[in-house]
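Notes to accompany the following structure.
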Amino acid sequence: MQIHAQTDIAYSPAELFLSDIDQDWFRLIAQIGARPPLSISSAEPYQALIHAIAHQQLHGRAAEAILGRFKAMYNTDFPTAEDILNTDPLRLRECGFSATKITTIMGIAEKTIEGIVPPKALAHTLSNEELISRLTTLRGIGRWTVEIFMMHNLARPDILPVDDFGVREGWKILKALEAQPKPKELAQIGQAWSPYRSTAAWYLWRAVDRFKAQNKK
């Protein structure tokens with residue numbers, strides 16, 4: 001379909017690959033435009049996981065406000081795992097974390113010291129399944145959280161979080177389906193998007209955003 005021949009936008013190999021799958025992908029990518037370049041986060045894995053936990057089931061602004069109070073409490077860019085373990089849980093509660101999230105955060109800090117949560121350099125050497133296997137042993141950390149971590153913090157190019165509501169909703173919108181696919185069904189469908197499933201997920205999220213914006217008018 002040669003999307004690059006119809007625009008001055010410099011599309012990546014991932015976008016060109018997906019746009020050649022079928023007309024629906026071609027149209028979506030042309031409408032959304034190029035994805036911002038992938039970048040590897042400077043955050044350590046334990047920091048990224050704590051950020052993810054803070055954002056669970058909260059609006060982004062509320063989560064960032066809690067994280068702001070959390071970091072300010074230590075007067076640093078981000079506390080060490082040791083600092084966190086030495087903190088009275090009541091002080092974390094005052095930041096706005098729920099009791100469940102405090103337990104999870106303490107567990108992340110403990111497992112970081114024990115070496116279960118790897119340092120960044122080691123994380124980059126571990127396969128997707130090795131990271132999932134290690135990190136899902138932590139209380140409150142499921143496969144979805146690890147997949148989002150690998151996508152956004154390690155810039156892994158071939159991750160498809162099929163348990164993500166937005167990804168499944170995006171496929172429903174893209175294909176004008178009556179219902180979302182089940183996770184196993186989407187995993188099967190998504191094999192055709194490899195080795196660029198992270199980019200596919202990003203465009204499916206954008207499909208949801210675009211649909212919502214259009215229906216507000």
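Of all residue pairs spaced 6 or more apart or on separate chains, none has beta-carbon atoms under 7 Å together with a first member in region 50-74 that is under 18 Å from T104 (Cα atoms) and a second member that is acidic (D, E) and surrounded by 15 or more Cβ atoms within 10 Å (Cβ to Cβ). For region 44-103, a residue qualifies if it is among the charged types (D, E, K, R), part of a helix (DSSP H, G or I) and surrounded by fewer than 16 Cβ atoms within 10 Å (Cβ to Cβ), and the qualifying residues are R61, E64, R69, K71, E82, D83, R91, R93, E94. If you filter region 178-209 down to residues that are outside any helix (DSSP H, G or I) and hydroxyl-bearing (S, T, Y), you find that the one that is nearest to P13 (Cα to Cα) is Y196.
Pull up region 104-136, narrow it to residues that are among the β-branched types (V, I, T) and free of Cβ contacts under 8 Å to residues at least 24 places away in the same chain, then point me to the one that is surrounded by the fewest Cβ atoms within 10 Å (Cβ to Cβ).
T125
For region 137-156, a residue qualifies if it is outside any helix (DSSP H, G or I) and either more than 14 Å from the chain's Cα centre (by Cα) or surrounded by fewer than 17 Cβ atoms within 10 Å (Cβ to Cβ) (or both), and the qualifying residues are T137, L138, R139, G140, G142, A155.
For every residue, the table says whether it meets (1) within 18 Å of H152 (Cβ to Cβ); (2) among the hydrophobic types (A, V, I, L, M, F, W, C); (3) modelled with pLDDT of 95 or more.
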{"position": "F17", "(1), (2), (3)": "no, yes, yes"}
{"position": "G33", "(1), (2), (3)": "no, no, no"}
{"position": "H51", "(1), (2), (3)": "yes, no, no"}
{"position": "H55", "(1), (2), (3)": "yes, no, no"}
{"position": "E82", "(1), (2), (3)": "no, no, yes"}
{"position": "L85", "(1), (2), (3)": "no, yes, yes"}
{"position": "A109", "(1), (2), (3)": "no, yes, yes"}
{"position": "I113", "(1), (2), (3)": "no, yes, yes"}
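Within region 169-177, identify whether any single residue is in the same structural domain as L18 (by TED's automatic domain parsing), at pLDDT 95 or above, over 25 Å from Q57 (Cβ atoms) and assigned to a helix (DSSP H, G or I), and answer yes or no. Yes, because at least one residue in region 169-177 is in the same structural domain as L18 (by TED's automatic domain parsing), at pLDDT 95 or above, over 25 Å from Q57 (Cβ atoms) and assigned to a helix (DSSP H, G or I).
Considering every residue within region 132-146, establish whether at least one is modelled with pLDDT of 95 or more and among the aromatic types (F, W, Y). Among the residues of region 132-146, not one is modelled with pLDDT of 95 or more and among the aromatic types (F, W, Y), which makes the answer no. Of all the residues in region 108-121, those that are part of a helix (DSSP H, G or I) and more than 19 Å from L58 (Cβ to Cβ) number 8.
The values are calculated or read from the model by the stated rules, or taken from the named source; none is laboratory data. Keep in mind the model is a prediction, meaning the values are calculated, not measured. Here Cβ is always computed from backbone atoms with ideal geometry, including for glycine, and neighbour counts include all displayed protein chains.
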